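One structure below.
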Amino acid sequence: LVTFVIAYFFVMTEEFSHLRKSKPVVVASGIIWMAVAITATSVGESYDSINYTFRHVFLEFAELFMFLLVAMTFINTMTERNVFEYLRVWLVAKGFDFRKIFIITGILSFFISPIADNLTTALLMCAVIMAVARGNKGFICLGCINIVVAANAGGAFSPFGDITTLMVWQKGVIPFFGFFSIFVPSAVNYIVPAVIMYFAVPKQNPEKNTDVVQLKPGAINTILLFLATITFTVISHQKYHLPTTFGMMTGLGVLSLYGFFLKKAALTNDTKSDKFDIFTQVGKAEWDTLLFFYGVLMCVGGLASFGYLAYTLEATYIDLGPTVANILVGIFSAIVDNIPVMYAVLTMFPEMDQGQWLLATLTAGVGGSMLSIGSAAGVALMGQSKGNYTFFGHLKWLPAIALGYAASIYIHLIYNSDKFDGIPLLL
């Protein structure tokens, strides 16, 4: 536990130490699992049991890793094909100032994430913000915070919007259309901090540029391929219950084949600037972010093997009651990450009515917005923004985001009161 805390201290101080966040957690995960192995064998556990436990946690990471790698590759490809640069020039040409861009990217994030998932949506919108702001660190930071909050809030009311909602839906706790009951609380969670942050956005226009940007060959087709990949992933998961990684990897295969024809066309037309290599785009993925997820999930999986998560959650649900415990789920999600927290809740499977399960889903989905390290979207954007969006930059707006978190819970308790057996504790 001390090892994990020390590692997270270095993650939170990355802005000052310049030590990449993946390094301490990867090392910590190795130390923790060695402690698991030594402790387990000392009390008579078999090596096969330890091996199975490690592989189970690693498989969860591997699925997330491949999903993220494909999403990042598509985004890198669209960036290379000038999609986001073209969008930036279009937004500037329309005369949108930073405040309008702040609103547009936030609303788009909220409504795209239920379909494309919060992580993919955040990566897309961050690419737009980075292209439009061009070095304006203050606006990029605010824009990224707004995107993280909006994407997490939008992903909370859809089975496909977040990994935690996927887990809840697959467990059969909440039916497919049942998730839409928390649309209004999710919207409140996004709107409250967005309104507060809006007044901090500078009243100025992006830097004007007379450059004429042309989409490279295949830009539109790449966008269509990405949308088709998301659609195929959703259908294959919903209808055939295949892992989301299956659909994304199939899409990557199609993109690589399409890239072959782009490369051939560039050589034929002797346009070296249009030459495309899929492995170059794969190489540009945020490997620090991907390795960070490995470290975090393996650390938490190791701590779970010692019984820390189960003990904590059991104590809270029994001693404090489900309402308070589910509120704490969101707070834990901000600190530890929502995936292992929701996994622990589903593993323990406390006896709750649908209103409480919806509350747990809501808090796990949006609670991670309170800290930049609390959600996949926040961690990914810290890597993608290249130092413009940081842990402490996000931390400054914690009170506003926490206010939205509290408001969304209160709205849920009132708006979905018919889904609770009796009156929730806070009412």
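The values are calculated or read from the model by the stated rules, or taken from the named source; none is laboratory data. Computed from a predicted structure; not experimentally measured. Cβ sites come from the backbone with ideal geometry, for glycine too, and all protein chains shown count toward neighbours. The accessibility values were calculated without ligands, DNA or RNA, using every heavy atom of the protein model including side chains. Shrake-Rupley method; radii C 1.70, N 1.55, O 1.52, S 1.80 Å.
Values computed for the structure shown
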item: Tally, over the range 153-187, of residues that are more than 16 Å from residue 233 (Cβ to Cβ), of a type in the set (Val, Ile, Thr) and surrounded by 21 or more Cβ atoms within 10 Å (Cβ to Cβ); result: 3
item: Of residues in the range 398-416 being open to solvent by 60 Å² or more (accessible area, probe 1.4 Å) and in contact with a Pro (Cβ under 8 Å, 6 or more places away or on another chain), the one modelled with the highest pLDDT; result: 403
item: Residue in the range 58-76 that is assigned to a helix (DSSP H, G or I), closer than 21 Å to residue 2 by Cβ and under 21 Å from the mean Cα position of the chain (by Cα) present; result: no
item: Residues that are open to solvent by 20 Å² or more (accessible area, probe 1.4 Å) and out of contact with any Ser or Thr (no Cβ under 6 Å at 6 or more places or on another chain), drawn from the range 277-296; result: 277, 279, 280, 283, 284, 286, 287, 294
item: Residue 150, sole failed condition from (1) of a type in the set (Gly, Ala, Ser); (2) in a helix (DSSP H, G or I); (3) open to solvent by 10 Å² or more (accessible area, probe 1.4 Å); result: (3)
item: Scope the range 181-211; condition assigned to a loop (DSSP other than H, G, I, E, B), without any contact (Cβ under 8 Å) to a residue 40 or more places away in the chain and either closer than 26 Å to residue 68 by Cα or of a type outside the set (Phe, Trp, Tyr) (or both); matching residues; result: 210
item: Residue identified as aliphatic (A, V, I, L, M), part of a helix (DSSP H, G or I) and more than 23 Å from residue 416 (Cα to Cα) among 373, 335, 327; result: 335
item: One residue from 10, 16 being loosely packed, with under 11 Cβ neighbours inside 10 Å, part of a helix (DSSP H, G or I), out of contact with any Gly (no Cβ under 7 Å at 6 or more places or on another chain) and at pLDDT below 90; result: 16
item: Residues of the range 124-139 that turn out to be surrounded by fewer than 24 Cβ atoms within 10 Å (Cβ to Cβ) and farther than 17 Å from residue 70 by Cβ, as a count; result: 10
item: Any hit, the range 35-52, residues being out of contact with any Ser or Thr (no Cβ under 8 Å at 6 or more places or on another chain), of a type outside the set (A, V, I, L, M, F, W, C) and open to solvent by less than 40 Å² (accessible area, probe 1.4 Å); result: no
item: Checklist (1) at pLDDT 90 or above; (2) within 30 Å of residue 386 (Cα to Cα); (3) within 24 Å of the chain's Cα centre (by Cα) applied to residue 337, failing item; result: (1)
item: Selected residue (criterion: farthest from residue 229 (Cα to Cα)) from residues of the range 90-123 that are within 19 Å of the chain's Cα centre (by Cα) and open to solvent by 30 Å² or more (accessible area, probe 1.4 Å); result: 107
